[in-house]
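Every number here is computed from the coordinates shown, using simple stated rules; none is lab data. Bear in mind the structure is a predicted one, so any value in this text is a computation, not a measurement. All Cβ positions, glycine included, derive from the backbone under ideal geometry; neighbour counts span all protein chains shown.
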Amino acid sequence: MHELAIANSLFQAVQTEAQRHPGMRVGRVGLRIGELSGVDPEALRFSFDAIVKETPFDPLPLEIELCPRRHCCPGCGHTFPVREPDYASDCPRCGGKQTECVSGTELEFSYLELEEP
Amino acid sequence: MTERVPIERKVLSENGRIAAELRARFQERGTVCLNLISSPGAGKTSLLERTLEGMNRDERIAVLTGDIQTDNDAQRLARFGFPVRQITTGGTCHLDARMIARALAEWSLADPELLLIENVGNLVCPSSYDLGEAAKIVLLSVTEGDDKPLKYPSIFFKAELLVLNKVDLLPYVPFDMSRARKNALRINPRIEILEVSCQSGAGLDRWRAWLGERCQKARAEVAAGAG
């Protein structure tokens, strides 16, 4: 259960960012979580809500974008999903074997929505 | 009026910053830092015991071992005469880069050639934290399920080496070795796999050879950087 620590890091980042926009109210926080990030989205949401509660930021909706694993083939440039149950990562277009993971490990604070109070 | 401000920053950017500093320091000083991760009881401490046991006393090797409570592991490992330091997290389920930086700052340690970090026993949380290591190593014991790589893909994806431990128990457990290998390779086609038993000693020569190669590579990189 490291989601509480991660939610805390996120909330600190939100506070820092909010200070750069005085007079504005934070209306929403955007977060990107990859399926290989080792982070449980619901546990993170639960932790984030618990941290925000009883702060001036409450309520603060958290919008989570889940990022599936995707690979790119350096040979032909094709990008494709790598999925259960086989997680086949050879390029389906040209058969290339050395494909690179380009998405799925994200744990990113993607945006902040600011509102005029 | 609502305005959307793009941030596009890693949530653990502060951890990432400290890890990058550690990594630069390790590379500059020729230290190979390895981060050992597994569930509790898979044999991280046993593997370290067998590793230290087989080393010459003049080898420059050090161990940082993380646990939520107790310094039992440091005590187990200290008897081999190499520098060992315990990090007690006091509840936190993983080590983070700051804990490593702090432990190194408080430790009067000559730069080792090999720094082995034993993470807190947990197959999930440690995978999210970069410690500045050269490689993550995941241990899986045959008393666990052979489907663990599919259930905990994050760490198997990020590890460079999978050590399958307790192979001496294979006759007594329903663990399917070929399925475990296949599952690990599905998640990470580049992962290297070693089968060992810390009890019988089987496979440990290959583990030591793997460590030796990593150190040799680091020495070559430092020499190339200096030249």
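Points worth noting:
- When the stretch A:95-117 is limited to residues that are in contact with a Gly (Cβ under 6 Å, 6 or more places away or on another chain) and more than 7 Å from every other protein chain (Cβ to nearest Cβ), the one that is farthest from B:S13 (Cα to Cα) turns out to be A:G96.
- Taken over the stretch B:196-227, the criterion of being basic (K, R) and under 16 Å from the mean Cα position of the chain (by Cα) is satisfied by B:R208, B:R214.
- Given (1) hydroxyl-bearing (S, T, Y); (2) in contact with a helix residue (DSSP H, G or I) (Cβ under 8 Å, 6 or more places away or on another chain); (3) surrounded by fewer than 13 Cβ atoms within 10 Å (Cβ to Cβ), index of the condition B:S197 fails: (3)
- Within the stretch B:8-50, the set of residues being surrounded by 17 or more Cβ atoms within 10 Å (Cβ to Cβ) and of a type in the set (A, V, I, L, M) comprises B:V11, B:L12, B:I18, B:A19, B:L22, B:V32, B:L34, B:L36, B:I37, B:A42, B:L47, B:L48.
- Residue match in the stretch A:14-31 (condition: facing another protein chain (nearest Cβ under 7 Å), among the small types (G, A, S), buried (at least 20 other Cβ atoms within 10 Å of the Cβ) and touching a residue at least 24 places away in the same chain (Cβ under 8 Å)): no
- Of the residues contained in the stretch B:1-22, one or more are found to be within 14 Å of chain A (Cβ to nearest Cβ), within 30 Å of A:L112 (Cα to Cα), in a strand (DSSP E or B) and of a type in the set (S, T, Y).
- Strands (runs of 3 or more DSSP E) contained in the stretch B:24-135 and holding at least 2 residues among the polar types (S, T, N, Q): B:84-88
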